[in-house]
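This report concerns only the one structure given below.
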Amino acid sequence: MPRADFVPLQTYQELPEEEMRRAAKSFLETMRRRRTVREFSDRPVPREVIEDCLLAAGTAPNGANRQPWRFVVVGDAGIKSRIRRAAEVEEVAFYKGGKAPQDWLDALEHLGTDEHKPFLQEAPWLIVIFAESYERTDDGGKTKNYYVTESVGIATGMLITALHHAGLVTLTHTPSPMKFLNDLLGRPDNERPFLILVVGYPGEDAMVPDITKKPIEDIAVFIE
Ligand code: IYR
């Protein structure tokens, strides 16, 4: 790759310290209102909102700026129901077929998850996120991507944040294995399914588990 042209950093905005403190606190409050939701309404969400949130996710820092993600956005009822059926086959094997070790089932117990995934059909959008382990060159060769899992993980986090900021709810769903998504969505071999993000409005009277997040001393160590 030839070296890029360099331009002055014009987009950076410093905040006066007071405003910085306020901004950090206010964003913390915004993020504390985010909950993973498992009951979705079928109310439609405009495609343009999803596109803007995807563009926000696409600003994520990533390995060598290869942007190794592909978002397949499914609103089609037929495809959603096929994804649901295929995912539920995997989930039945996981929960009921002895695939999940008992310690894993024990760890999930308090969240009340099970093999039924109606939200895959009911939510207006499923964003199936693929990680591109490599790119195909025109002559049929392969170009390797770097830090693919880290890059796609960061972009996914930013997507979840953007959707929450827009007033929507999400569920990160990871049927395992997920290879069926390549066949169902016609994606090539260099794309590895990363997760399904279920997106929409919460169902009326949606319930969430009463769980807490760790306090600062349990998640951070300061060495000053
Ligand atoms: N994929 C399963 C199991 C599952 C696993 C974890 I780790 C979770 O935090 C939640 C669910 C499912 O979607 O039910």
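Overview of results
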| quantity | calculated |
| --- | --- |
| Accessible surface, 1.4 Å probe, highest first, among residues LYS96, LYS179 | LYS96, LYS179 |
| The range 1-151, relative contact order [Cα under 8 Å, separation at least 6], % | 32 |
| Carbon/sulfur fraction of accessible area - the range 56-202, other protein chains in place, 1.4 Å, % | 53 |
| Two-site FRET efficiency, LEU111 against ILE79, from Cβ-Cβ distance with R₀ of 35 Å, rounded to 0.05 | 0.85 |
| Candidates PRO202, PRO44, PRO16, ranked by Gaussian network fluctuation over the chain, Cα under 10 Å, top entry | PRO16 |
| Under-5 Å amide H pairs with PHE40, H placed in peptide plane, nonlocal only | GLY203 |
| Structure-based [θ]222 nm, the chain - -39500 (n - 2.57) summed over DSSP H runs of at least 4, per residue, nearest 500 | -11500 deg cm²/dmol |
| Largest to smallest accessible area among HIS164, HIS110 [probe 1.4 Å] | HIS110, HIS164 |
| Long-range tail of P(r) for the chain (Cα pairs > 23 Å, %) | 58 |
| Viscosity 1.306 mPa s, temperature 10 °C, Stokes-Einstein D of the range 174-224 from Kirkwood C-alpha radius, µm²/s | 102 |
| Spatial separation of Cα centroids for the range 39-56 and the range 190-224, in angstrom | 18 |
| Per residue, in Å², the accessible surface of the range 56-202 once ligands and nucleic acids are set aside, probe 1.4 Å | 49 |
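The values are calculated or read from the model by the stated rules, or taken from the named source; none is laboratory data. No experiment lies behind these values; they were computed from the predicted model shown. Because the Cβ atoms are built from the backbone with ideal geometry, glycine has one as well, and the counts that use them run over all protein chains shown. Quick note on the areas: whole protein, heavy atoms, side chains included, nothing else; ligands and nucleic acids left out. Shrake-Rupley method; radii C 1.70, N 1.55, O 1.52, S 1.80 Å.
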